[in-house]
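Contents: one structure, followed by commentary.
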Amino acid sequence: MSSTVVESAELSAILAVVAPVAERLAVDGHSLYLVGGVVRDLLLGVPVNDIDLTTSARPPAIKDAVKPFATALWTQGERFGTIGAEVESTPLEITTYRAEEYDPDSRKPTVTFGDDLETDLSRRDFSINAMAISVPDGALHDPFGGRADLETRTLRTPLDPSISFTDDPLRMMRAARFIPRFDLSVAAEVDDAVVEHRYRLPIVSRERVHDELERLLSLPEPRAGLEFLGRTGLLDEFVPGLSVDERDDDAVRERRASVLHWASELATPVARRAALLWFVADDAGWLRAWKYSTDDSKATRRLRQAVTSFLAGPLTPRTVRSAAALVGDEGLDEAAALASMVDGVAVPLGAASELLASVRSSEDLGQLAPVIGGKEMIEALGLEPGPILGRATSFLTQQRIERGPMSVEESLAAVEAWLADQ
């Protein structure tokens, strides 16, 4: 299928940048096409982030064609057919048509170069990414109905989804991200294929699964993608404690539904991640196994601990300060919200919100450190440098959480009384 793309200023600007490269390739009989996400985004009328192109030319010919116009050239992907370049301050990636074969035990393809555009498009993940625009005439090449799927907001694969997901199981995780990102409904055969082939996800590196999950959790509204993960059972492949089948009781099913609801209602990736892991006993082990950074792991575990602070007892200013010591003032609202979702009877959201507002109005929850340090304690109380100072500082920090803001005089008196008991 081929038709002229609706004209747009952004498309005209992109074509102006890449047309000289296309002209040089054409001398040797090669065509050049914009491909993938750039075509999708142009048709949607949203800003283009990456400009990818494809051609029948092999990498040496691509380099020869782009060099006269490039201010920078990257060849790290040359053995896979990709040459990167910067032309008129615009980053480009130009890749030779591909025809790939997959090892059933790996998602890494054996890359072979192809000779026709349609075969190249057929190996792409979804029909909305399997379109091309020829340079420089701007004609749309859409053999798999991607434009119609954009108009109807439908997620389909170019080939049979069983083939697509068997070849590259990571596409199932990408589906979860694309669904909410572009407000797509899922073709029934795609849902069915994920249910059938979800067991293949473990052949994907954990780093890649981690990246896709975080991209989903970072979307403004991830609910539809999370529901897709739950509905198809794909979530079970990487978050233990949520798996269900026809033998499970209603309580287990409700647990999964609750977790997905919590994660959908919360606003930040950290809080959404904490919600997904609420029933995971060894959260530290899970975060480590799925390749989370030390900072991300700490943030997730501290938010879970802050939620536990809200759940531990009556709502008091001390509750708020204990949570703030873990997540800072900026994390308190999400911690309170998740606590109210986990146990709305113990932590009614309205009461928690009122308490947060009250405490914030009377003290700075971003400053929970004691107002005096070791120097003041040495000078005023005659303490000697050493471990006792560290213990005294820890005591004062706990007092700040218990009692609220303390003056210098109150702090020194508290330390003096504490020393008398040592």
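Some points to look at:
- Matching residues in segment 192-203 - criterion: being buried (at least 17 other Cβ atoms within 10 Å of the Cβ) and farther than 21 Å from L217 by Cβ: A193, H197, R200
- Taken over segment 337-377, the residue count meeting the criterion of being of a type in the set (A, V, I, L, M, F, W, C), touching a Pro at 6+ places or on another chain (Cβ under 7 Å) and farther than 30 Å from S258 by Cβ is 0.
- Number of residues in segment 24-61 that are part of a helix (DSSP H, G or I) and either touching a residue at least 12 places away in the same chain (Cβ under 8 Å) or farther than 11 Å from V135 by Cβ (or both) equals 14.
- Some residue of segment 176-183 being of a type in the set (G, A, S), surrounded by 21 or more Cβ atoms within 10 Å (Cβ to Cβ) and assigned to a helix (DSSP H, G or I): yes
- Within segment 166-175, considering residues that are part of a helix (DSSP H, G or I) and modelled with pLDDT under 95, the one surrounded by the fewest Cβ atoms within 10 Å (Cβ to Cβ): T166
- Hits in segment 351-365 - residues which are in a helix (DSSP H, G or I) and either among the aliphatic types (A, V, I, L, M) or in contact with a Lys or Arg (Cβ under 7 Å, 6 or more places away or on another chain) (or both): A351, A352, L355, L356, A357, V359
- Residue within segment 72-83 that is at pLDDT 90 or above, of a type in the set (F, W, Y) and surrounded by 17 or more Cβ atoms within 10 Å (Cβ to Cβ) present: no
- Residue satisfying condition, being under 14 Å from the mean Cα position of the chain (by Cα) and crowded, with 17+ Cβ neighbours inside 10 Å, within set E227, E212: E212
- Any pair with Cβ under 7 angstrom, 6 or more apart, that starts in segment 259-270 at a residue that is over 14 Å from A336 (Cα atoms) and ends at one that is aromatic (F, W, Y) and outside any helix (DSSP H, G or I): V259/W278; V259/F279
- Filtering segment 184-221 to residues that are part of a loop (DSSP other than H, G, I, E, B) and out of contact with any Lys or Arg (no Cβ under 7 Å at 6 or more places or on another chain) leaves S205, S218, P220, E221.
- Matching residues, segment 22-78, being within 12 Å of Y97 (Cβ to Cβ) and aliphatic (A, V, I, L, M): L32, V35, L53, A57, I62
- Test: E265 is modelled with pLDDT of 95 or more and more than 15 Å from the chain's Cα centre (by Cα): yes
- Test: residue in segment 261-282 that is surrounded by 21 or more Cβ atoms within 10 Å (Cβ to Cβ) and touching a strand residue (DSSP E or B) at 6+ places or on another chain (Cβ under 8 Å): no
- Residues satisfying the stated conditions in segment 185-206, i.e. farther than 19 Å from R153 by Cβ and of a type outside the set (G, A, S): D192, V195, E196, H197, R198, Y199, R200, L201, P202, I203, V204, R206
- Restricting attention to segment 138-159 and to residues that are in contact (Cβ under 8 Å) with a residue 24 or more places away in the chain and over 27 Å from the mean Cα position of the chain (by Cα), the residue that is surrounded by the most Cβ atoms within 10 Å (Cβ to Cβ) turns out to be D142.
The values are calculated or read from the model by the stated rules, or taken from the named source; none is laboratory data. In this text, all values refer to a predicted model and were calculated from it rather than measured experimentally. For neighbour counting, all protein chains shown are included, and Cβ atoms are generated from backbone atoms with ideal geometry for every residue, glycine included.
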